[in-house]
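The values are calculated or read from the model by the stated rules, or taken from the named source; none is laboratory data. It should be emphasised that the depicted structure is a prediction, and the values quoted were computed from it without experimental measurement. Cβ coordinates were reconstructed from backbone atoms using ideal geometry, including for glycine residues, and neighbour counts include every protein chain displayed. Areas reflect the complete protein model, heavy atoms only, side chains present, ligands, DNA and RNA absent. Shrake-Rupley method; radii C 1.70, N 1.55, O 1.52, S 1.80 Å.
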Amino acid sequence: MVDPGEKGGGIRRYVTVYYGASASRVWKAVFRVVSFYAFSSLIVLAATGLLMAWLLNRGLAPLRALATGAARVSVVSWEFAPPQSARQSKELSPLVIAMEDLLAGLKRSFEQQRRFAGDAAHELKTSVAVVKSSLQLLQMKKRTAEEYEAGLERCLSDCERMEQIVAQMLTLARVEEGRTGESRSSRRMFVNAFTT
């Protein structure tokens, strides 16, 4: 304050003024602002979560359809029809191609194995029938020692043939367990041995 009665305009004095008011109105305003931002944030978060869930669901639909199609494949049914959406997706198309190639290879292997088992069973059945009929012929009437000897030699040769078939089957089983590269050529060799 300047005292006007003094020469030069007076002396400057500093005065401190204290003012008191209720703070409840301020706290109410703060609470309203905090509530507004908290509620808005929750709404935005919920909307974002729903949108992300919808986008993820839509994005993973081709993968789920692909998994469903792959689950239908079994030893008796080799039908695998991947959905077009999975085939068109640049992320899933390599997986679709790999699965189709894998299933085609497995189908060929199962068919070769089935043919091989059928051929082996046919060969064994034929050899057993020949041995049985030879023994039955020998048993039907009295024969000379030479006839018995010839009949036993026929039975022995058929038994050796059955032994070779069983040995080839065991070798094929061992090859199937281990070396993949050798298994194809060995399998072809054994299958050709039975078909010729």
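When the trypsin sites (Lys or Arg not before Pro) in segment 48-95 are filtered for DSSP coil states and for at most 12 other beta-carbon atoms within 10 Å of their beta-carbon, the remaining sites are Arg72, Lys90.
Peptides 16-26, 46-56 ranked from most to least packed by the mean count of surrounding Cβ atoms within 10 Å: 46-56, 16-26. Computed with a 1.4 Å probe over protein heavy atoms only, the accessible surface of segment 73-123 comes to 67 Å² per residue.
In terms of accessible area, using a 1.4 Å probe and ignoring ligands and nucleic acids, Leu60, Leu124, Leu45, Leu66 rank largest first as Leu45, Leu60, Leu124, Leu66. Within the accessible surface of segment 79-160, defined with a 1.4 Å probe on protein heavy atoms only, the carbon and sulfur portion equals 59 percent.
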